[in-house]
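Read through the structure below, which is laid out as structure tokens, and then see the notes.
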Amino acid sequence: MQGLPNFELQRPTHLAEALALLAAEPRARLLAGGTDLVANLRRGLEYPPLLIDLGALPGFSAIDHVANGLRLGAGVTLAQLTRDTAIAHDYPALAEAAASVAGPAHRSVATIGGNLCQDTRCVFYNQSEWWRSANRYCLKRGGDTCHVAPQGKRCHAAFSGDLAPALLALDAEVELVDARGTRRMALAGLYRDDGAAHLQLAPGELLHCVRVPSKAPHSVSAYRKARVRGAMDFPLAGVACSLTLRDGSLANLRVALTGTNTRPIVLGGTEELLGKPVNDTSMLRLGKLVQKQASPMRSTAMSSNYRRLVAAALAQRLVRELAAVAASAPQP
Ligand SMILES: Cc1cc2nc3c(=O)[nH]c(=O)nc-3n(C[C@H](O)[C@H](O)[C@H](O)COP(=O)(O)OP(=O)(O)OC[C@H]3O[C@@H](n4cnc5c(N)ncnc54)[C@H](O)[C@@H]3O)c2cc1C
Ligand code: SF4
């Protein structure tokens, strides 16, 4: 790590002011908790002339339990998420994902917006300037070759945020704002399949809030991650799941993954498991779906195949666990 580069810091107190600053300086970066961005600045990965601190925007860190669900300001901290008893009760996947991020000091400042918009990660990228220069940089920044897939022309750095799979499993939407207005989309629409430019944010746009629909009756959800250090680490693979049972069979199932691809993904093909009981046959099929769609590359210390297998095992265990919970509760 090196010292922070020089930059101007602005702390707007109105959203319009923040958007005007962002529109006026395309190279500006948004600063929320800073736990991802500041480390990247200290690695010399970025040299933005201006940081726009979102911490003083009114209502930016509000949790609102509204009629049709939950509205979370992008500045809500992960610690706030873990403390909210209604979230723990209705959206356990979200509370568990927030609690699994880094350590308590981190979570006291790290925000939902920063977690969803954090940079992708790779062992060849999250390194000091001298390390990367000795390695002739890489395709994502400063070089012309991807050391993970040298024949390819794209970056395979992994998206490793913990909140995204939980919010995807809960069918969340995001609201993006810029100087022209607001657009709302499914969270999955925020991401692109490119580790070097994985966000669909337009220039001048920021993530304003996240909306989670009301908990479906009798639904259960949870999040599990595998990591190198149990105490505090990014996911090698993370899986969130939300499901309901009817007459002992799966009536709804959403599974989402992180840590394996350049973007968080909602597992496709789960509809073929609906109407089936959670047993060895259906879980074998679930494992195959995960193994096919998870595409980890050699971007972490662990082997790609290990991460693929871990993702499948996590998904199978989680669905079994949740099905047992749902079966023990009153049925619809
Ligand atoms: C030691 C360590 C361990 C970590 N462990 C984990 C972990 O286990 N799981 C995990 O998910 N993350 C982990 N992180 C990464 C990071 O701490 C978290 O993702 C955190 O939630 C980021 O939030 P932040 O508010 O600090 O983001 P910031 O660092 O402020 O911002 C991150 C990025 O998002 C952008 N951004 C922030 N807010 C907005 C917004 N409203 N609209 C648009 N863009 C925005 C910023 O410009 C920046 O590019 C770890 C980091 C460290 C240093
Ligand atoms: S996946 Fe390739 S291009 Fe992307 S950060 Fe790693 S080495 Fe660089």
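The values are calculated or read from the model by the stated rules, or taken from the named source; none is laboratory data. All values derive from a computational prediction rather than experimental measurement. Note: ideal-geometry Cβ built from the backbone for every residue, glycine included; neighbour counts use all protein chains shown. The accessibility values were calculated without ligands, DNA or RNA, using every heavy atom of the protein model including side chains. Shrake-Rupley method; radii C 1.70, N 1.55, O 1.52, S 1.80 Å.
Accessible area per residue for the stretch 29-103, computed on protein heavy atoms with a 1.4 Å probe, is 36 Å².
Could you do me a favour and compute the accessible area per residue for the stretch 215-332, 1.4 Å probe, result in Å²?
Values: 5510 Å² over 118 residues.
Result: 47 Å² per residue.
Looking at the chain alone, DSSP beta bridges between its own residues are antiparallel in about 85 percent of cases. If only the Cβ of Lys and Arg carry +1 and only the Cβ of Asp and Glu carry -1, the dipole of the chain around its Cα centre is close to 980 debye. The calculated 222 nm mean residue ellipticity attributable to helices in the chain amounts to -8500 deg cm²/dmol, summing -39500 (n - 2.57) over DSSP H runs of n ≥ 4 and dividing by all residues. For a straight C-alpha distance cut-off of 17 angstrom, the aspartates and glutamates reachable from Lys153 (same-chain residues fewer than eight places away being disregarded) are Asp144, Asp193, Asp194. Candidate cross-link partners of Lys288 among the aspartates and glutamates, defined by an alpha-carbon separation under 16 Å and a same-chain spacing of 8 or more, comprise Glu271, Glu272, Asp280. Applying 1/(1 + (r/R0)^6) with R0 = 30 Å to the Cβ-Cβ distance of Ala216 and Val123 gives a FRET efficiency near 0.15. In a Debye calculation with equal point scatterers on the alpha-carbon sites of the stretch 7-53 and no solvent, what is log10 I(q)/I(0) at q = 0.15, 0.16, 0.30 Å⁻¹? Taking Cα atoms of the stretch 7-53 as identical point scatterers yields -0.36, -0.41, -1.15.
Membrane-span-like helices in the chain, defined here as complete DSSP H runs extending at least 24 Å along the helix axis by their C-alpha atoms with mean Kyte-Doolittle hydropathy no lower than 0.0, are 304-328; this is a sequence and geometry rule, not a statement about a membrane.
The lysines whose alpha-carbon is closer than 24 Å to the alpha-carbon of Lys215, local same-chain residues fewer than 8 away aside, are Lys225, Lys276.
Students often check this: by mean Cβ neighbours within 10 Å, which of 75-83, 202-210 ranks highest, and how do the rest follow? Don't skip to the answer; put the middle values down first.
Numbers: 75-83: 21.3, 202-210: 19.1.
Ranked from most to least packed, the peptides come out as 75-83, 202-210.
Of the accessible area of the chain, with the probe set at 1.4 angstrom, what percent is carbon plus sulfur? Please list the in-between numbers first.
Working: 7960 of 14850 Å².
After summing per-atom areas, the C and S share lands at 54 percent.
Backbone amide hydrogens, once placed in the peptide plane, bring Cys138 within less than 5 Å of Gly143, excluding anything fewer than 5 places away on its chain. If the chain linking Ala62 and Ala186 were pulled fully straight, counting 0.36 nm for each residue of separation and taking away their Cα-Cα distance, it would gain 42.6 nm.
Ala39 to Arg136: FRET efficiency via 1/(1 + (r/R0)^6), r the Cβ-Cβ distance, R0 25 Å, to the nearest 0.05? Provide the component values of the computation, followed by the final result.
Values: r = 22 Å, r/R0 = 0.90.
Computed FRET efficiency for Ala39 and Arg136: 0.65.
In the stretch 255-276, whose amide N lies under 19 Å from the spot 7 Å out along Cα-to-Cβ of Asp194? List them in ranges. What the label zone holds, given the 19 Å backbone N cut-off, is 261-265. Derived value for the stretch 31-123: Kirkwood hydrodynamic radius 14.2 Å. Basis is the mean of 1/r over every pair of different alpha-carbon atoms.
Taking each pair of different alpha-carbon atoms in the stretch 135-216 once, compute 1/r for the pair, average those values, and report the inverse of that mean as the Kirkwood hydrodynamic radius in Å to one decimal. Present the calculation step by step, with values, prior to reporting the outcome.
Working: mean 1/r = 0.0680 Å⁻¹.
Radius from the Kirkwood sum: 14.7 Å.
Each Lys and Arg contributes +1 and each Asp and Glu -1, all at the Cβ; summed about the Cα centre of the stretch 11-58, the dipole is approximately 160 debye.
In µm²/s, what is D for the stretch 221-332 at 10 °C and 1.306 mPa s, where D = kT/(6 pi eta Rh) by Stokes-Einstein and Rh is the Kirkwood radius from Cα pairs? Intermediate values should be presented prior to the final figure.
Working: Rh = 14.2 Å.
Answer, rounded: 112 µm²/s.
A P(r) calculated from all alpha carbon pairs of the chain, with 10 Å bins opening at zero, reads 6, 26, 34, 24, 9, 2, 0 percent.
Averaging the Cα positions of each part gives two centres, and for the stretch 69-114 and the stretch 251-276 these lie 22 Å apart.
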